[in-house]
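The structure appears below as structure tokens.
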Amino acid sequence: MTAYRRAKEAGGCYFFTVALAERRSALLTVHIDHLRDCFRMVRQRHPFEMEAVVILPDHLHCIWTLPEGDADFGTRWSLIKSGFSRGIDGGEHRRESRIKRGERGIWQRRFWEHLIRDENDFRNHVDYIHINPVKHGHVRRAIDWPHSSIHRFLRDGRCDPGWAAEPFVLGMERE
């Protein structure tokens, strides 16, 4: 079996998927203000540019650009996840392996990252982020999900308002 290697490019732009261990949980949206505070605190000590983001009940997707000379997204995620975990009540199910390590059972241990290659790759991932609440059945229109950078993209004129407000039926023709 080949070991997984993370793409590490100093100053790179990355797409991330981070998920809760319990995929039927709604902790991220129930505690959205606390999660935002965790991001804010980590960004103060370990800067990064949040290019796009969507927070769903049980997982999130985002795109970050790291500062020149810095490729350490792992520390940032560790601090965000641990800060979030410390700030909410316990009681979640924990496997024996997590108990032995003194870990909470809130987050999946790993996260998925993708180094953005070019402007087209960036745009495709931004669209994926913004359509994700529709894909998961939370809303019919991307613009209706409150925990998304789509609202910032609309304000800045970087997103077509028609695309954001159009109802989608994924996997079928648009209505």
Starting from the Cα of N124, step 7 Å along the direction of its Cβ; do the same at V139; then give the gap between the two resulting points in nm.
2.5
A165 paired with S78, simple spin-label distance in nm, labels 7 Å along Cα-to-beta-carbon
4.6
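Computed from the coordinates by the stated procedures, all read-outs in this text should not be read as laboratory data. All of these numbers come straight from a predicted model, not from anything done at the bench. All Cβ positions, glycine included, derive from the backbone under ideal geometry; neighbour counts span all protein chains shown.
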